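Data first, discussion second: the structure below is written as structure tokens.
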Amino acid sequence: MKRFRKKSAGVLLLVFLLLFSFALELSAAETNVYVAGNPDLYPIEYYNKQHDRYEGLMPELYALLSEKTGYTFHYVHAGDVNEQQRLVKNCQVDMVSAYLPGEIGAEYLKAPQTISGLTVGGEEQTVYIAFSAIASDEMIAEISRALSEISGETKLTLVATHTMKHGINWTFEILFYLVLSLLVLFLTIVFLRLFFRKKKKGSRREDLMIDPRFGIGNDQYYVYCFDHLISDQSKCLYYLAYIAFDEEHFNQRYGAGESKSIQRYVAEFLNRKTGPTDYLCLISDGIFVCLCQNSNKEEAERRVESVMAELDGYLSQFREEYAGLFHAGVCMLEENPGCSSEAALYHAKQGYLYAVSRKIRFAFSSKHLVAETLQNERIYQQITQAIRDGEFQVYLQYIVDRQGNIAGAEAVSRWQNPREGLLSPAKYIEKMNQTDAVTMHDYSIFSQVCGQLEKWEKSGFHE
């Protein structure tokens, strides 16, 4: 009996310790504030690469706020690249620090606070802090109250103190490391060559999948998302949207510079329209691809219609004729199970080409549409090969005057098909028009007619 009581007491003590530990962790989590910092707003807030941390007015201001509120402020993804927009959009932080007007979409922010009266580089600068969707109302209220209690004079003093404290040391560190780097370069040139070669080989994979012009994924990113980020089980929920315009024709009319600007605008617009489970990339100049998750075809259709209509309205602000510049084709991955990234892209492109030919905003690809395209491609290949092999021959239909004399002739073609025999134009002209092979055909017939006229000219037949 005593042994049982001892065991029971031990179990109760263990449970108590676990609950106490959990309560401590929960309390700590509730007092943590995760911040998205601005890496290049010296001296208000900036990233010190040597110390791998944020410095400036804001970190010291947060130290004061921490004393007043009991919250602990932590910077997320400290680095020299500004990721504030992405972090707040994905709800990975509680607060955004030291951003300028217009830098971050207002739809992602709550309770923006103005920090004014700061002089940077001889000019007065106004910056903001704001909270994300996951920040609690209690946290917002406490931090806002504490911030309002800090006077503008205190903020100016922090800026001046920080600049005086770090300005000389910063310059000294740069000079020190510059001299040290030159010495290392002079003494160990072979080592540096090996180091940079290794560094080049070890470049981050994601850097190779980003289009540096527009900051979105490229063709490699598309393949990576299709093959690795989207599981086979969830592919039935995804739709591939192929959104493009005739970039070559646009360049001829408006110039390459305007084309680049339009693509930058569209990249920014589509990036705002993508959700956390969507993937956007530019696979080639003028061709955007978005892997979008939707619960059914009707929802996907409404979404594509809305995006394309808004895109037309957005582009028309630059030029009225830009409305209707882009068309889209959509491939339902559910209807194409097991297809590769290349096959899915091909299917979506057929929807795009159909939309262009019908002058509509978008079209869904279908098995019938793809089958018809493949058939036309086969016919086109057969016809072009037949033209090269000289199977299309000239036949003359004579024109006779009232006296019964030959006054001229109309040149027509006939296809001497090795398998089908002699075919009249009714059997192939329509297919030629559908596959754009008619130009090659007409040139071949015209060349044969000119050759015949030349022979007649030399033989004196025209007389």
Original post:
So for Ile406, Ile230, fewest C-beta neighbours within 10 Å to most, what's the order?
Top reply: Ile406, Ile230
Subject >> Average Cα contact separation per residue, the range 209-365, under 8 Å, 6 or more apart, as relative contact order % >> reply: 28
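What's the extension gain from Ile399 to Ser231 if we count 0.36 nm per residue and subtract their Cα-Cα distance?
53.6 nm
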Subject >> For Gln125, residues with placed amide H under 5 Å, excluding near neighbours >> reply: Gly117, Leu118, Thr119, Val120
Original post:
Where in the range 384-463 are there chymotrypsin sites (Phe, Trp or Tyr not before Pro) that are in a DSSP coil and have at most 13 other Cβ atoms within 10 angstrom of their Cβ?
Top reply: Phe461
Original post:
Which order do Ser144, Ser231 fall in if you start with the one that has the fewest other Cβ atoms within 10 Å?
Top reply: Ser231, Ser144
Subject >> Approximate spin-label separation Asn251-Lys359, in nm, with each point projected 7 Å along Cα-to-Cβ >> reply: 2.7
Original post:
In whole Hz, what ³J(HN,Hα) sequence does the range 421-431 give by Karplus (6.51, -1.76, 1.60; θ = phi - 60°), x for Gly and Pro?
Top reply: x, 7, 10, 7, x, 4, 7, 9, 4, 4, 5
Subject >> Sorted peptide list for 75-81, 43-49, 327-333, criterion being average Cβ within 10 angstrom, highest first >> reply: 327-333, 43-49, 75-81
Original post:
Mind checking Rg over Rh on the range 374-459, alpha carbons, Kirkwood formula for Rh?
Top reply: 1.06
Subject >> Computed Kirkwood radius, in angstrom, where 1/r is averaged over Cα pairs of the range 32-75 >> reply: 10.6
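Give the order of His441, His368, His74 when sorted by the count of other beta carbons within 10 angstrom, beginning with the fewest.
Values: His441 21, His368 8, His74 13.
Ascending number of Cβ neighbours within 10 Å: His368, His74, His441.
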Original post:
If r is the Cβ-Cβ distance from His74 to Leu187 and R0 is 25 Å, what FRET efficiency results, to the nearest 0.05?
Top reply: 0.05
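Each reported figure results from applying straightforward, stated rules to the coordinates on display, with no laboratory input. Every value quoted in this text rests on a predicted model; they were computed, and no experiment measured them. So basically every Cβ, Gly included, is an ideal-geometry build from the backbone, and we count neighbours across all protein chains shown.
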